[in-house]
Amino acid sequence: MKLRKKIVAGNWKMNKSISDGQDLANGIKRELAENCDVDVVLCPPFTLLKSVSDIIDMTQIRLGAQNMHWESDGAYTGEISAGMLRDLFCHYVILGHSERRAMFGETNQVVNRKVKAALARNLTPIVCVGETLEERDSGAYMKIIETQVRESLEGIGDDFEKIILAYEPVWAIGTGRTASPEQAQEVHAGIRAVLTEIAGKDVAEAIRIQYGGSVKPANARELFGQPDIDGGLIGGAALDVRSFVEIVRAAI
Ligand code: PGA
């Protein structure tokens, strides 16, 4: 089995003024100054990308965005392209987050177009999948997640290895209710089995799958200790230096 480097990403969502965001990024940079064996990514809102990019320049911390459009330019009022994100030294982009799927109508097909556009510009997509509470209770959650994975990643060919997946059960996001390590591991292993079918065992073993949904310092270590959980996508707990840094350390 290939050793996968853990990756912890902070999804700041629509939070933080410029000065508060700079404080947060500076605090994280101070605490994580020494190289650690975890990939750390900060995903602030668009308004903070430039400031955070400047702060983390020359460090091991990488920059990510929370969304992008699939076209490279043109008349798409209010949208941002992959090339624009690269201009700001973004390395990652979160795609298909459940909030975008639920509130902004993003389908697997939309996510797929964005994934392809991100890869074409050398941005690493963090592709989010996950079931709602109803879907979990129905028992058919793995089938639903499988469809999300297959359709969101359709036709990406040789670029498969560049993808990161994030399993985020919708019922665990921002609710304080985390999937148990066993529940999360079950789905992560299921996703890896789907990836094996699509891309073969070697590629599937190399792809990192983050867990997201109410990850906190108190539960991070146990979650990250599961064999198929390769780090976390952190929302609420990423807005505070101490809790985010503790979560990163739990991945070491
Ligand atoms: P949460 O959010 O950690 O606040 O639950 C996770 C996410 O939405 O990525």
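The values are calculated or read from the model by the stated rules, or taken from the named source; none is laboratory data. Everything numeric here is computed off the predicted structure, so don't read it as measured data. Note that each Cβ is placed from the backbone with ideal geometry, even for glycine, and that neighbours are counted across all protein chains shown. Side chains included, ligands, DNA and RNA excluded: accessible areas come from the protein's heavy atoms. Shrake-Rupley method; radii C 1.70, N 1.55, O 1.52, S 1.80 Å.
Mind listing the phi-derived Karplus ³J(HN,Hα) values for the range 31-41, rounded to whole Hz, using 6.51, -1.76 and 1.60 with θ = phi - 60°, and x for any glycine or proline?
6, 10, 4, 7, 4, 10, 8, 9, 7, 10, 10
Sort His97, His91 from largest to smallest accessible area, using a 1.4 Å probe on the heavy atoms of the protein chains.
His91, His97
Using the Karplus equation 6.51 cos²θ - 1.76 cosθ + 1.60 (θ = phi - 60°), what ³J(HN,Hα) coupling, rounded to whole Hz, does each residue of the range 66-78 give in order, writing x for Gly and Pro?
For the range 66-78, the Karplus curve yields 9, 5, 6, 9, 7, 7, 7, 5, x, 7, 10, 3, x Hz.
Which order do Ile80, Ile28 take by accessible area at a 1.4 Å probe, largest first?
Result of the area sort, largest leading: Ile80, Ile28.
What residues have an amide H closer than 5 Å to that of Val38, excluding those fewer than 5 places away on the same chain, when H is modeled at 1.01 Å from N in the peptide plane?
none
Give a residue-ordered list of calculated ³J(HN,Hα) values for the range 178-195 (Karplus: 6.51 cos²θ - 1.76 cosθ + 1.60, θ = phi - 60°; whole Hz; x for Gly, Pro).
Here the 3J(HN,Hα) series is 9, 5, 5, x, 5, 4, 5, 4, 4, 6, 4, 5, x, 5, 5, 5, 5, 4 Hz.
Rounded to whole Å and sorted largest first, what semi-axes of the equivalent ellipsoid does the C-alpha gyration tensor of the range 1-41 yield via the square root of 5 times each eigenvalue?
25, 14, 4
Ignoring ligands, DNA and RNA, what accessible area per residue does the range 69-198 give at 1.4 Å, in Å²?
Result: 47 Å² of accessible area for each residue.
Could you compute the longest span of the chain free of trypsin sites (Lys or Arg not before Pro) located in DSSP loops and having at most 13 other Cβ atoms within 10 Å, not counting the site residues?
With a cap of 13 other Cβ atoms within 10 Å, the longest stretch comes to 6-176.
Taking the Cα centre of the chain as the origin, how large is its charge dipole in debye, to the nearest 20, when only Lys and Arg (+1) and Asp and Glu (-1) carry charge on their Cβ atoms?
320
Taking amide H positions as placed in the peptide plane 1.01 Å from N, state which residues far from Thr175 in sequence (5 or more) or on other chains have amide H under 5 Å from it.
For Thr175, the qualifying residues are Ser214.
If I compute solvent accessible area with a 1.4 Å probe over the protein chains, what percent of it on the range 1-160 is carbon and sulfur?
49
What 222 nm value per residue comes from the helices of the chain, counting each DSSP H run with n ≥ 4 as -39,500 (n - 2.57) and dividing by all residues, nearest 500 deg cm²/dmol?
Result for the chain: -12500 deg cm²/dmol, rounded to the nearest 500.
Ordering Asp230, Asp158, Asp37 by accessible area with a probe of 1.4 Å, largest first, what comes out?
Highest to lowest solvent-accessible surface, that is Asp158, Asp37, Asp230.
Amide H neighbours of Ala65 under 5 Å, at least 5 residues apart or on other chains, H built in the peptide plane: list them.
It is Tyr92, Val93, Ile94, by chain and number.
With a 1.4 Å probe and all protein chains kept in place, how much accessible area does Trp171 have, in Å² rounded to the nearest 10?
The accessible area comes out at roughly 20 Å².
To the nearest 10 square angstrom, how much accessible area does Ile156 have with a 1.4 angstrom probe?
Number for this one is 10 Å².
Calculate the translational D of the range 101-252 in whole µm² s⁻¹ from Stokes-Einstein, where the hydrodynamic radius comes from the Kirkwood formula applied to all Cα pairs, the temperature is 20 °C and the viscosity 1.002 mPa s.
Calculated translational D: 136 µm²/s.
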